[in-house]
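Every read-out reported here was derived from the displayed coordinates using simple, explicitly stated rules and does not represent laboratory data. All values derive from a computational prediction rather than experimental measurement. Here the Cβ positions follow ideal geometry from the backbone for every residue, glycine too, while neighbour counts run over all protein chains shown.
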């Protein structure tokens, strides 16, 4: 079994690409590093928000499927997206920021010896902002240097991802036996598993909820989670590994920005394996203007005129703007 290196990205569903862009850019201060389309549904935007350079392990991505209903939260779903900041003081900053921007949040709490701040976006999507102050493990990224959030408090990458599950023994077997993760700790209804070097960037937290009805996917919910692997050889090794368990999967998929493999090992939860590169700095967009044009993988570029007629334009130009770093007084 090839080792998983951590969380690669999390993909969720939004009711509005425009509101989503505003929330992540102007409130969360994460950088839009790619504005493209869903490669399986070109009528749908796929927005990638990440650290300053779009590093693997830092991006939250969104689809805006047209006509989709709001998610019905329940059990058997990816329930909460974790994000990371460098220390406990940063969480205090985010309390002030969320208060200023009227973002719904809960008081800072502690989970597995890490301070954490739960918050919600305009779709009631669930997030958890983890402090790295007591963290040991996989390194995080670099906050968006030119965004509105002071760099010392900025979001650096993905934190632990929450799975709300009904059959915890089945999920534990999947994580340990098939995915190669290891048990770390238990706290109340939560059980922590980690992969690779461990730490906030490599954690999965199981939220045991056997009595809730099953969740129903929609906007305000998570579509899938991707885990980091090195390269195509690792993808091929995981295909063989899944085959040995007779697990259904997508086979190798080339997403251009990374190579992928998808599988459903547990009801309601889609797992992806994604390679570390090539990444989002490419032949279409250099570092300076990431996310500012409608980017298309090569196999779609001969359809650009048609695709541009299908998706409404969204102004995502930021390289010409100067964002004032926002500090908030007590």
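Data for the structure
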quantity: Rounded Å value of the spacing that divides the Cα centres of the stretch 257-330 and the stretch 37-67; calculated: 5 Å
quantity: Order of 42, 78, 155, 174 under a 10 Å beta carbon neighbour criterion, fewest first; calculated: 42, 174, 78, 155
quantity: Listed peptides 295-304, 271-280 by packing density, highest first (mean Cβ within 10 Å); calculated: 271-280, 295-304
quantity: Answer label, with mean projected area of the Cα convex hull in nm² calculated from the coordinates and candidates (i) 15.9; (ii) 21.7; (iii) 29.9; calculated: (i)
quantity: Modelled FRET efficiency - R0 22 Å, residue 264 with residue 240, Cβ distances, 0.05 increments; calculated: 0.75
quantity: Extension gain (nm, one decimal) between residue 95 and residue 255, 0.36 nm per residue minus Cα-Cα; calculated: 53.9 nm
quantity: Rounded, prolate or oblate (a/c below 1.5 giving rounded, otherwise prolate when a/b exceeds b/c) for the stretch 193-244 by Cα gyration tensor; calculated: prolate
quantity: For the stretch 133-281: rounded, prolate or oblate by the Cα gyration tensor [a/c cutoff 1.5]; calculated: oblate
quantity: Spacing of the two label points (7 Å from each Cα toward its C-beta) at residue 134 and residue 3, in nm; calculated: 2.5 nm
quantity: Sites residue 109 and residue 328 - FRET efficiency at Förster radius 25 Å, r taken between beta-carbons, to 0.05; calculated: 0.75
quantity: Counting DSSP beta bridges with both ends in the stretch 7-310, the antiparallel % (nearest 5); calculated: 70 percent
quantity: Rounded Å value of the spacing that divides the Cα centres of the stretch 223-255 and the stretch 151-194; calculated: 19 Å
quantity: Cβ-based exposure ranking for 1, 195, 179, 30, in which fewest neighbours within 10 Å come first; calculated: 1, 179, 195, 30
quantity: Approximate spin-label separation residue 197-residue 230, in nm, with each point projected 7 Å along Cα-to-Cβ; calculated: 1.5 nm
quantity: Residue 18/residue 212 FRET efficiency (R0 30 Å; Cβ-Cβ; nearest 0.05); calculated: 0.40
